[in-house]
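See structure below.
The values are calculated or read from the model by the stated rules, or taken from the named source; none is laboratory data. Since the model is a prediction, treat every value here as computed from it, not as a measurement. Note that each Cβ is placed from the backbone with ideal geometry, even for glycine, and that neighbours are counted across all protein chains shown. Each accessible area value is taken on the protein alone, full model and side chains, heavy atoms only, with ligands, DNA and RNA left out. Shrake-Rupley method; radii C 1.70, N 1.55, O 1.52, S 1.80 Å.
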Amino acid sequence: MTLDDLQTRILYRDALMLVLDKPAGIAVHRGPKGGVSLEAGFPALRFGLPRDPALAHRLDRDTAGCLVLGRHHKALEKLGLLFKQGKIGKTYWAVVEGAPPEDEGLIDLPLGRLDATRGWWMKVDPQGQPAQTRWKILARDERQSLLALTPLTGRTHQLRVHCAASGFPILGDPVYGTGDREARLHLLARAIEIPIYKNKDPVRVEAPVAPHMLAEVSALLGAASG
């Protein structure tokens with residue numbers, strides 16, 4: 001990924017923030033082992049400001065879609081508060097194996113860390129932190145479904161663990177599902193709503209379907225419309 005590539009992934013830009021279409025398979029920030037990260041390209045996203053934009057939240061390495069950056073310190077403070085207060089609306093699309101028996105519902109399962117040796121891997125844990133996810137079926141066939149997921153809390157790997165624990169793991173998930181190391185996680189941060197301006201409607205941004213998800217999503221939506 002080049003700096004020019006990152007500029008072409010801007011979905012929204014104003015004086016306070018940027019929303020990027022994050023590609024799957026790239027970490028948002030440099031980890032302890034190094035490697036390519038989106039942050040390395042942030043100098044190309046200043047657009048006249050003296051400092052690089054910074055992450056207002058995180059997406060997993062393997063998750064694609066809407067990623068919000070604050071363009072300066074005051075914007076980051078404001079965005080951070082909105083995320084913390086749960087005022088930012090987030091909608092994810094996921095292709096899952098199988099299908100829930102109902103058309104929509106709520107997953108209410110607390111989550112905790114799997115163990116100290118597995119980093120950020122999580123599990124359902126009655127003694128863990130509260131975690132809730134609303135889901136709705138957008139389309140399905142005999143093998144898999146397309147779900148719209150709305151996390152009401154922001155726990156690590158929440159959507160992945162919730163779907164797997166409910167019997168419909170996200171396609172291509174090598175940790176919580178049946179995917180192998182070569183598989184691609186079919187999870188997209190599809191849309192985000194940010195009420196950052198007083199007396200104005202929230203800023204709503206939508207990401208395109210990630211290339212590795214396009215075939216499955218198109219087939220499911222095509223079958224549903226047909």
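Can you tell me which residues in the range 28-44 are surrounded by 20 or more Cβ atoms within 10 Å (Cβ to Cβ) and within 21 Å of residue 191 (Cα to Cα)? Correct list: 38 only.
Of the listed requirements (1) modelled with pLDDT under 95; (2) closer than 21 Å to residue 57 by Cα; (3) among the polar types (S, T, N, Q), residue 150 misses just one: (1).
Checked against (1) in a strand (DSSP E or B); (2) closer than 23 Å to residue 223 by Cα; (3) open to solvent by less than 20 Å² (accessible area, probe 1.4 Å), residue 163 passes all but condition (1). Filtering the range 7-25 to residues that are of a type in the set (Lys, Arg), closer than 16 Å to residue 211 by Cβ and free of Cβ contacts under 8 Å to residues at least 60 places away in the same chain leaves only 9.
List pairs: first in the range 198-210 and within 15 Å of residue 19 (Cα to Cα) and open to solvent by less than 60 Å² (accessible area, probe 1.4 Å), second part of a loop (DSSP other than H, G, I, E, B) and polar (S, T, N, Q), Cβ under 8 Å, 6+ apart or cross-chain? Listed pairs, sorted by first residue: none to list. Taking the stated definitions as given, is residue 101 touching a Pro at 6+ places or on another chain (Cβ under 6 Å), of a type outside the set (Phe, Trp, Tyr) and over 20 Å from residue 173 (Cα atoms)? Here the answer is no, as residue 101 does not meet what is asked. Conditions: (1) open to solvent by 10 Å² or more (accessible area, probe 1.4 Å); (2) touching a helix residue (DSSP H, G or I) at 6+ places or on another chain (Cβ under 6 Å); (3) farther than 21 Å from residue 204 by Cα; (4) not hydrophobic (A, V, I, L, M, F, W, C). Residue 57 meets all but one. Number of the miss? Result: residue 57 passes all but (3). The single condition from (1) among the small types (Gly, Ala, Ser); (2) buried (at least 20 other Cβ atoms within 10 Å of the Cβ); (3) more than 26 Å from residue 201 (Cβ to Cβ) that residue 65 fails is (3). Give me the residue from the range 174-195 that is at pLDDT below 95 and in contact with a strand residue (DSSP E or B) (Cβ under 8 Å, 6 or more places away or on another chain) and, out of that set, farthest from residue 78 (Cα to Cα). The qualifying residue farthest from residue 78 (Cα to Cα) is 178. The set of residues in the range 68-91 being within 28 Å of residue 168 (Cβ to Cβ) and open to solvent by 30 Å² or more (accessible area, probe 1.4 Å) consists of 83, 86, 89, 90, 91.
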